[in-house]
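Take a look at the structure below.
The values are calculated or read from the model by the stated rules, or taken from the named source; none is laboratory data. Everything numeric in this text was worked out from a predicted model, so none of it was measured. We place every Cβ from the backbone using ideal geometry, glycine too, and count neighbours over all the protein chains shown. Side chains are part of the model used for accessible areas, which takes the heavy atoms of the whole protein and leaves out ligands, DNA and RNA. Shrake-Rupley method; radii C 1.70, N 1.55, O 1.52, S 1.80 Å.
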Amino acid sequence: MAAPAFLPELATQVVVPVAAVVGIAFAVLQWVLVSKVKLSPDPRRGDGSSPKSGAGASEYLIEEEEGLNEHNVVVKCAEIQNAISEGATSFLFTEYKYVGLFMGIFAVLIFLFLGSVEGFSTKSQPCHYSKGKTCKPALANALFSTIAFVLGAVTSLVSGFLGMKIATYANARTTLEARKGVGKAFITAFRSGSVMGFLLAASGLFVLYIAINLFGIYYGDDWEGLYEAITGYGLGGSSMALFGRVGGGIYTKAADVGADLVGKVERNIPEDDPRNPAVIADNVGDNVGDIAGMGSDLFGSYAESSCAALVVASISSFGINHEFTPMLYPLLVSSVGIIACLITTLFATDFFEIKAVDEIEPALKKQLIISTAVMTVGIALVSWLGLPYTFTIFNFGAQKTVYNWQLFLCVAVGLWAGLVIGFVTEYYTSNAYSPVQDVADSCRTGAATNVIFGLALGYKSVIIPIFAIAFSIFLSFSLAAMYGVAVAALGMLSTIATGLAIDAYGPISDNAGGIAEMAGMSHRIRERTDALDAAGNTTAAIGKGFAIGSAALVSLALFGAFVSRAEISTVDVLTPKVFIGLIVGAMLPYWFSAMTMKSVGSAALKMVEEVRRQFNTIPGLMEGTTKPDYATCVKISTDASIKEMIPPGALVMLTPLIVGILFGVETLSGVLAGALVSGVQIAISASNTGGAWDNAKKYIEAGASEHARTLGPKGSDPHKAAVIGDTIGDPLKDTSGPSLNILIKLMAVESLVFAPFFATHGGILFKWL
């Protein structure tokens, strides 16, 4: 027997929950620091007089230099923030009602399907992998899988909701801090983002750890059954993420497209102008789509990669010999990730201060590089302390001998591949580089050339990320079979706290700019919030790149676990059963994208009509003497997104069940492989095309270079062409693209959870033929 790991079981039982608690405590600390920015006017300065002497020159507010009444500005900011927060909360509550109903129905399905594998028998059954041993009954597996599913789903919903609450709490505070300088505003926005990042990473880890320990009380030595039941946690997390992403994406883009087309193109009013009836809905959308949706999405990826790794480990030497510390290696990696991200965050908020606008984007990029470098050291430490020197990993029926340094390489290759994908995404979507500048330049000849250039950019941007994913799959699979792929995905997600902080920072800055415009703040403040927002746009594209790359690896790891569990010896493309699955699976992402894009289109159509109606029928609206009816626009977005999120959600959730029951596990394995291969390509190209069009428009609007000034100013023909490109790109980058990575993961994890049922009762049609 191999030498045990250095870290005793007791230490692991302490390290994991302590890291999670530290993460949650750090999130609370950041929130306390953000809440020090007050949203009520300072009573001493209600008359607009200057602050008490000794406050330091840097604390002088721009408003005072320009003689504006500070009291009115703060009150206005608080009102707008309140309207955005109420809109977001009411939408999420409405969405969660429907999602809760779905969760209940699906939980019952899991229980019935898995319970029926052994005819609801309560007798112990022979183990599936450890021959000669007895395991807990299938009914227990059904019950615990259902509980894990509900746990994952609730954690996912709560993380999304809390993220949205924090973002709507911080947006106006960022606007007010922008009066003191760009550095102060950056710190407020970034701190708020890190509240969400750490809360989500730590709570995801904590709930999983608690579930493993509580389930272990019943399962005892049956680790095979225990970790198979835990896979329900990943399914719960991702199924909620699907509805959050699709529903939130439709909401935000319906409002955005409606506000842009009528406001900017037809009426020639600036973005976020308070006269635009869709402006509140647009700002609400940033929170429910980009924050609540993204949070649930990355939580789902994290839960699934952990579950995929745990399932494979439970049937390897770790599980067979009941070695607790190496068994929880995936959780140890995540624990170190939280600490590494905590150190990294301090670099942005405490060690260095941002003084100029052009320091914002480098500061965010440094976050990615520092977290990756610190994490590499952390992984080396965990692999040395938490793993025996040599062990065996389950490899499709055989056991493969692996060394601890090989697992370190697997996690590290995932981590660094994530960074490569992030930077390639940035190169193709940031207006600091030639690809986006070329797209902006193509606007000279109208919208059509802009669209052609944008699409070409998106397709081209797929090349390097796919090579990076392919390299990490080849290396990690060669070293440690499917377990290697699962921990590579976990490596890519190990810096999730920093990734999410950067990601949430974008919508917070975007909202801050909107609030500045609506509160009638000075042009200089709007310039500062725009600079924060432009950096946030690029980093949001980087976040999407991470999400898609990790989804590909997670999906492959889950696919491997499914193939093992469903007792398929080989997936042979030359057999018709598999090939028909492959070709249908490759079609699914297109069907799904068609549904989501058409949903955005039809919702945007209603929004455009409503905004036009208000401009045409409300007297004094264009002059700014009367207020528009914001509530109707919020209602249109809410109703449309709730109604439209159900068909795409049903497509993803029902496909594995229908294929598994009617055609059996071989055809289902083809469907999963096909969806993975085509879904990744569409997701990357859609996200990057949309991101490039958005930043080409911003490049023209900012007019920061000589080239950009020849295309501008706002309202010029090239600018109008750029707005049209941006509007086409909106559903691509914020609805279809990001939702596709959930499609690939979700179908794989669902197939894995239902694998025992499909293996026993599936393939009805082929049995008849």
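Taking a cut-off of 16 Å between Cα atoms, list the lysines near residue 123, but don't count ones fewer than 8 places away on the same chain.
Within the straight-line limit of under 16 Å, residue 123 reaches these lysines: 133, 136.
For residue 6 and residue 18 in one chain, what is 0.36 nm times their gap in residues minus the Cα-Cα distance, to one decimal in nm?
2.4 nm
Just the number, please: carbon plus sulfur as a percent of the accessible area of the chain, 1.4 Å probe, no ligands or DNA/RNA counted. Working shown, then result.
Working: 17910 of 26560 Å².
Looking at the chain in its full context, I get 67 percent from C and S.
Just the accessible area per residue of region 392-475, please: how many Å² with a 1.4 Å probe?
With the other protein chains kept in place, region 392-475 gives 44 Å² per residue.
Using only Cα atoms, figure out Rg for region 413-456 and give it as a multiple of 2.2 N^0.38 Å.
1.45
Strictly under 4.7 angstrom between C-beta atoms: which cysteines of the chain have no such partner?
Flagged as lacking a Cys partner: 77, 307, 341, 410, 443, 633.
How big is region 108-204 in terms of Cα radius of gyration and Dmax, in angstroms?
23.3, 71
Give me the angle, in degrees from 0 to 90, between the Cα long axis of helix 294-314 and the longest principal axis of the Cα atoms of the chain, rounded to the nearest 10.
20 degrees
List the trypsin sites (Lys or Arg not before Pro) within region 330-418 that DSSP assigns to loop and that have no more than 15 neighbouring Cβ atoms inside 10 Å.
355
How big is D for region 386-452, in µm² s⁻¹ as a whole number, if Stokes-Einstein is applied with the Kirkwood radius of its Cα pairs at 25 °C and 0.890 mPa s?
Details: Rh = 15.9 Å.
Answer from the Stokes-Einstein relation: 154 µm²/s.
How are the alpha carbon pair distances in the chain distributed across 20 Å bins from zero to the largest one, expressed in percent?
Taking every Cα pair in the chain, the percentages come to 18, 51, 26, 5, 0.
Under the Kirkwood approximation applied to all pairs of distinct alpha-carbon atoms, what is the hydrodynamic radius of region 352-506 in Å?
17.8 Å
Counting Lys and Arg as +1 and Asp and Glu as -1, what is the net charge of the other residues whose Cβ lies under 14 Å from the Cβ of residue 227?
Numbers: positive: 136, 565; negative: 221, 222, 224, 228, 304, 323.
That sum, taken over residues with Cβ under 14 Å, equals -4.
Taking the Kirkwood radius as the inverse of the mean 1/r across Cα pairs, report the Rg/Rh of region 640-769.
1.24
How are the C-alpha pair distances of region 230-326 spread across 10 Å bins, as whole percents from the shortest bin up?
Per 10 Å bin, starting at 0, the Cα pair percentages come out as 16, 28, 20, 15, 11, 7, 3, 0.
Please enumerate, by chain and number, the lysines with C-alpha under 21 Å from the C-alpha of residue 365, excluding those fewer than 8 residues away in the same chain.
184, 355, 544, 698, 733
Helix 576-617: angle to the longest alpha-carbon principal axis of the chain, degrees 0 to 90, nearest 10?
20 degrees
Of all the C-alpha pairs in region 715-769, what % are more than 12 Å from each other?
Beyond 12 Å sits 76 percent of the P(r) for region 715-769.
I'm checking a number: the convex hull volume of the Cα atoms of region 657-725, normalised per residue, in Å³. What is it?
Dividing the Cα hull volume of region 657-725 by its residue count gives 100 Å³.
At most 15 other C-beta atoms within 10 Å and a DSSP loop state: those are the exposed chymotrypsin sites (Phe, Trp or Tyr not before Pro) I care about. Give me the longest piece of the chain that has none.
In short, 434-769.
Return, for the Cα atoms of region 270-378, the radius of gyration and Dmax in Å, separated by a comma.
When restricted to Cα atoms, region 270-378 yields Rg and Dmax of 20.5, 68 Å.
How about region 536-626: which GluC sites (Glu not before Pro) there lie in a loop by DSSP and see at most 10 other Cβ atoms within 10 Å?
Loop-located and lightly packed - 623.
Grab the alpha carbons of region 482-521, take their convex hull, and tell me the volume per residue in Å³.
Hull volume normalised by residue count: 45 Å³.
Could you give the length gained by full extension between residue 583 and residue 127, i.e. 0.36 nm per residue of separation minus their alpha carbon distance, to one decimal place?
Result for the pair: 160.7 nm of gain on full extension.
Angle, helix 463-493 long axis vs. longest principal axis of the chain, Cα atoms, 0 to 90°, nearest 10?
It is inclined by approximately 40 degrees.
Could you give the semi-axes, largest first, of the ellipsoid that matches region 582-656, computed as the square roots of 5 times the alpha carbon gyration tensor eigenvalues and rounded to whole Å?
Taking √(5λ) for each eigenvalue gives 38, 11, 6 Å, largest first.
Can you pull out the trypsin sites (Lys or Arg not before Pro) in region 655-755 whose DSSP state is coil and whose Cβ has at most 11 other Cβ atoms within 10 Å?
Listed in order of number, the matching sites amount to none.
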